[in-house]
Amino acid sequence: MVVDMLQDDDVDIGIAEMPPHVPCPPSRLASTFIDIPSSGDESKYSEDDDSSDSEDEQLLKDVDRRFAHKWNPLPSSKEPELDFTPTFSSQPPSSRSRRNLNSTFGFVSDYEPKLHPRFERLLQKLNKHQLRPKQHFYHSRAGDPSRIVRTAVPFTSKISAGAINKIVQYDGSVIVASATTGGQPDYQGETADPYNKAGSLVVWDKEEPYILSDHSRRAPFTKHYTVNDVAICPTADGKHVMISSSHDFKVKIWKRATNGRYAVDVQPREFGRPYRIKSQQHQPPMDIAVKPGNDATFAVASRQVIIHSESDHHDEWNPRTLTLVPNSRARTGAMKWGSGPTEDILFASSESYNDEMRTGCHKGFDVEGDKVAFKFDLDEDGEALAVDALGERVAICTENRPDDSDESTYMARIFDVRRKDGRETSQVELGQSNVNWASFSPDGIYLAIGRGDGHTVLYDSRYLDDILYEFAHDDPSRVHPGNNYYGVVHGEWRTLHDNRLGLLTGGPDGCVRLWQPHHAPCSKGQGKIVAQADGDVAYFTVGNRQFDGEHDLVVGDGDGRIYFFDGLGNI
């Protein structure tokens, strides 16, 4: 026993002689070395209260009592006194507050004790295998203790220039595309924006970031452009390229140089020439859709659809245009590749950029034959598009605004593309909130639609009649004053450890929440917070568990911060 080993009062307590398995709670060492003011309730933390102590902690108390004279307190410092009064709150912490949960003693403090370096080393040695990671303590909704969740403390960075547009994890790197103030397309009479800065394309390589500034210009004044999208495309030689689209009207292809970093303007010979294309007809390139598999093909949404395929020389890309819209009042919006019987089909919807024009075109392109496979019987303005896992059904969400009305109505329709006749099989009215995204569940049963009002609605895709679930990010908004409110901007389906489906959504309350359609809407696990940001969630991505080097979750918010989460468990 530990007590038997230390019964002699003359024994000198040394670091090397302390049994390594004895736990040493951090607050006990802190209270020994630092003058901690009384909380006003001495009995609550009394030494005589043994009801919640483990066996090891009881042994440690015996050691403390026998050798209390061996521990000498540090002289008092001029630093502010530490207040360990419990500070539980039913509201999420503000962006300026950091609250940690001590999982051993169960109190929350805004501060951490500062020890002398000698005792810091002692603390580390005594607790090498005993302390748990610190955790955030959040309420997802005031007065609802069933929705309290603990999440690992993220690593956070503010190197990006503005609101996050896209995050990609690949081969140990995290690639972030973002907006930047003054990064819009050039216009006549434009002057330099003092807040315009680099950082709209950032690559994190093993937690070391570097900025790619090629989407910029130097004359007549330095300007950095917003990067709209970024994607990874495999190449025929077994490698990959990174593609980025920007408000500078350029799509760029990046390859990794010998030093492991991406580059376009300085390329080793074996990687070929840097590649740039100019977007067309005064519409900057927006979304990028990479064809699944190893075909080295991707599509870019500009005014029309631009398809890029790798040539036989492996250092050149051949662009070609597929016509989606017949007039200049619309542009290509959402795009999705099919699968299975439609793996060579690219589905695309148009969207208007003129409020007076609310009509659209929706087509399926046979990319191999460079032709329209079929046209959907629909002329409303496109909002979102989804393809089921079997490649047999397509869901298209649209906006319909009558000529004599200032209000829009949003619709969702499902098409059986095996028929190739473009006729819908079912439809439902979505109300008057705009649609940000749509996604079929992996089993094809559910259709999830993320809306601009902060809600996600689930339908049975086989019938598409009544709403099955309506999931709400209804905590207080964390949208920064002056920024736009976008609602639920992104969602991802996940297969949980019990083989049940889970849906992750990010919303204006700064939370990434987990919803489980197989549970009752009012069950206590519904809407549990997986991660929380200081601003509204602009995008997030979940790492692939099968590969090392990817984070469990990476979140970007509307203020340009990036949060890296690990150790989240079952997502």
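The values are calculated or read from the model by the stated rules, or taken from the named source; none is laboratory data. Every value quoted in this text rests on a predicted model; they were computed, and no experiment measured them. So basically every Cβ, Gly included, is an ideal-geometry build from the backbone, and we count neighbours across all protein chains shown. Please note that ligands, DNA and RNA were not included when accessible areas were found on the heavy atoms of the full protein model with its side chains. Shrake-Rupley method; radii C 1.70, N 1.55, O 1.52, S 1.80 Å.
Scanning the stretch 293-318 for residues that are part of a loop (DSSP other than H, G, I, E, B) and touching a strand residue (DSSP E or B) at 6+ places or on another chain (Cβ under 6 Å) yields 294, 296, 303, 304, 311. Residue 382 - would you say it is without any contact (Cβ under 8 Å) to a residue 60 or more places away in the chain and on the phi < 0 side of the Ramachandran plot? Yes, satisfied.
Listed here are the residues, each with its yes/no results for (1) of a type outside the set (Lys, Arg); (2) farther than 22 Å from residue 332 by Cβ; (3) in contact with a Lys or Arg (Cβ under 8 Å, 6 or more places away or on another chain); (4) not in a strand (DSSP E or B).
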residue: 184; (1), (2), (3), (4): yes, no, no, yes
residue: 194; (1), (2), (3), (4): yes, yes, no, yes
residue: 197; (1), (2), (3), (4): no, yes, no, yes
residue: 204; (1), (2), (3), (4): yes, yes, no, no
residue: 210; (1), (2), (3), (4): yes, yes, yes, no
residue: 213; (1), (2), (3), (4): yes, yes, no, yes
residue: 232; (1), (2), (3), (4): yes, no, no, no
residue: 241; (1), (2), (3), (4): yes, no, yes, no
residue: 254; (1), (2), (3), (4): yes, yes, no, no
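The numbered conditions (1) in a strand (DSSP E or B); (2) within 27 Å of residue 434 (Cα to Cα); (3) β-branched (Val, Ile, Thr) are all true for residue 321 except (2). So, residue 553, is that one surrounded by fewer than 21 Cβ atoms within 10 Å (Cβ to Cβ) and either out of contact with any strand residue (DSSP E or B) (no Cβ under 7 Å at 6 or more places or on another chain) or touching a residue at least 40 places away in the same chain (Cβ under 8 Å) (or both) or not? Answer is no for this residue. The set of residues in the stretch 322-336 that are open to solvent by 20 Å² or more (accessible area, probe 1.4 Å) and modelled with pLDDT under 90 comprises 326, 327, 328, 329. Residues that are basic (Lys, Arg) and not in a loop (DSSP other than H, G, I, E, B) were ranked within the stretch 353-379; the one that is farthest from the chain's Cα centre (by Cα) is 371.
Scanning the stretch 515-540 for residues that are open to solvent by less than 20 Å² (accessible area, probe 1.4 Å) and not small (Gly, Ala, Ser) turns up 515, 517, 526, 529, 530, 532, 536, 537, 540. Could you tell me whether any residue of the stretch 423-440 is buried (at least 22 other Cβ atoms within 10 Å of the Cβ) and assigned to a loop (DSSP other than H, G, I, E, B)? Scanning the stretch 423-440, I find no residue that is buried (at least 22 other Cβ atoms within 10 Å of the Cβ) and assigned to a loop (DSSP other than H, G, I, E, B), so the answer is no. The residues in the stretch 265-287 that are closer than 23 Å to residue 217 by Cα and either open to solvent by 20 Å² or more (accessible area, probe 1.4 Å) or modelled with pLDDT under 80 (or both) can be counted, and the count is 16. Looking at the structure I just gave you, is residue 382 under 25 Å from residue 301 (Cβ atoms), open to solvent by less than 20 Å² (accessible area, probe 1.4 Å) and in a loop (DSSP other than H, G, I, E, B)? It is false that residue 382 is under 25 Å from residue 301 (Cβ atoms), open to solvent by less than 20 Å² (accessible area, probe 1.4 Å) and in a loop (DSSP other than H, G, I, E, B).
Checking each residue in the stretch 386-401 for being part of a strand (DSSP E or B) and farther than 20 Å from residue 297 by Cα picks out 393, 394, 395, 396, 397, 398, 399, 400. Could you tell me whether any residue of the stretch 337-353 is open to solvent by 60 Å² or more (accessible area, probe 1.4 Å), under 20 Å from residue 255 (Cβ atoms) and at pLDDT below 85? So far as the stretch 337-353 goes, no, none of its residues is open to solvent by 60 Å² or more (accessible area, probe 1.4 Å), under 20 Å from residue 255 (Cβ atoms) and at pLDDT below 85. Could you list, in sequence order, all residues of the stretch 443-460 that are of a type outside the set (Val, Ile, Thr), surrounded by 16 or more Cβ atoms within 10 Å (Cβ to Cβ) and assigned to a strand (DSSP E or B)? Those that are of a type outside the set (Val, Ile, Thr), surrounded by 16 or more Cβ atoms within 10 Å (Cβ to Cβ) and assigned to a strand (DSSP E or B): 446, 447, 448, 450, 451, 455, 458, 459. Restricting the stretch 398-443 to residues that are more than 29 Å from the chain's Cα centre (by Cα) and basic (Lys, Arg), the residue that is farthest from residue 460 (Cα to Cα) is 401.
Taken over the stretch 181-210, the criterion of being open to solvent by 10 Å² or more (accessible area, probe 1.4 Å), within 16 Å of residue 158 (Cβ to Cβ) and β-branched (Val, Ile, Thr) is satisfied by 181 alone. Test residue 468 against the stated conditions and say whether it is modelled with pLDDT of 90 or more and open to solvent by 20 Å² or more (accessible area, probe 1.4 Å). It is true that residue 468 is modelled with pLDDT of 90 or more and open to solvent by 20 Å² or more (accessible area, probe 1.4 Å).
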